[in-house]
Each structure stands twice: as C-alpha cells, then as structure tokens.
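See structure below.
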Amino acid sequence: DSLWHFYRKLIRLRQDHDTLKYGDYLWIDDSSDSFVGFIRQGDEDILLLYNLTDKPVDVSLSFEHHGISPVSGAVLLSNARESGGSVKDRLTLHPFEFIAVNRV
C-alpha cells in the first residue's frame, strides 16, 4: 500500500474510535531511544507504538510502573502486519513500524 492509503486508514481509525479523538493520554516512558508509545484511555484503551529505528525492537507490554497490567489485544492497524491479529505481553516492532492495539 502507498503512504496515501495508509493515511486514509489512520483517518478512518480515528473516525471509528472516539477514544483516539477524546481519550486521555498516558505516555509510556521507558527511556528508550528506539520507540515511543502511549495509551489513549476512554471508552476503550488503545495502545499506540512507533519504532523510530531501522531495526526490529523488542517491547515488553507490561507497563506496571504506570499501574497498567500487561497489554494484550487486537491489532487495529499497523504498517507492517495484518490488522485483526493479536498481541500479548511482548511485541517485536518491525523497522519503522506503527501499531495500534485495542486493549482487552
């Protein structure tokens, strides 16, 4: 898919999930230079992660220092994997991957 198609998917994702428009931000600070991430909290919790490097990055989805139990859920959108898959506890982000996970 082209970048244009991916941005259309991002816009659709935001339109379909009010939490992405109105939810609170919980920044995930793990002092990593490899990725950034946050959880949007509202009617649902959506985890958003971005790999900033050209190498795979292994990410623990346990954010207990933020009072959040390990994250598992369905992939809503990614530029490197199929939507509808699932993640649980750990995730290896592909180079420059963006992923949105609907937390269960």
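No value in this document is a laboratory result; all are computed from the given coordinates. This one's a predicted model, so the numbers in the text were calculated from it and none came from an experiment. Cβ: placed from backbone, ideal geometry, glycine included. Neighbour counts: every protein chain shown.
Volume of the convex hull of segment 26-104 (Cα atoms only), normalised per residue: 76 Å³.
Charge tally around residue 42: other residues with Cβ under 10 Å, Lys/Arg +1 each, Asp/Glu -1 each, net -3. Listed by chain and number, the aspartates and glutamates placed with their C-alpha closer than 20 angstrom to that of residue 9 are 1, 18, 44, 45, 82, 97; residues fewer than eight positions away on the same chain are left out. Extension gain for residue 10 to residue 30 (0.36 nm times residue separation, less C-alpha to C-alpha distance): 4.7 nm.
With contacts taken as Cα pairs under 8 Å and at least 6 residues apart, the chain reaches a relative contact order of 25 percent.
Rounded to the nearest whole Hz, the Karplus-based 3J(HN,Hα) values (6.51 cos²θ - 1.76 cosθ + 1.60, θ = phi - 60°) of segment 71-88 follow the sequence 8, 9, x, 9, 6, 7, 7, 8, 8, 9, 8, 6, 6, x, x, 10, 10, 8, with x at glycine and proline. Between residue 53 and 96, the built amide H atoms are under 5 Å apart, and every one of these is 5 or more places off in sequence or on another chain.
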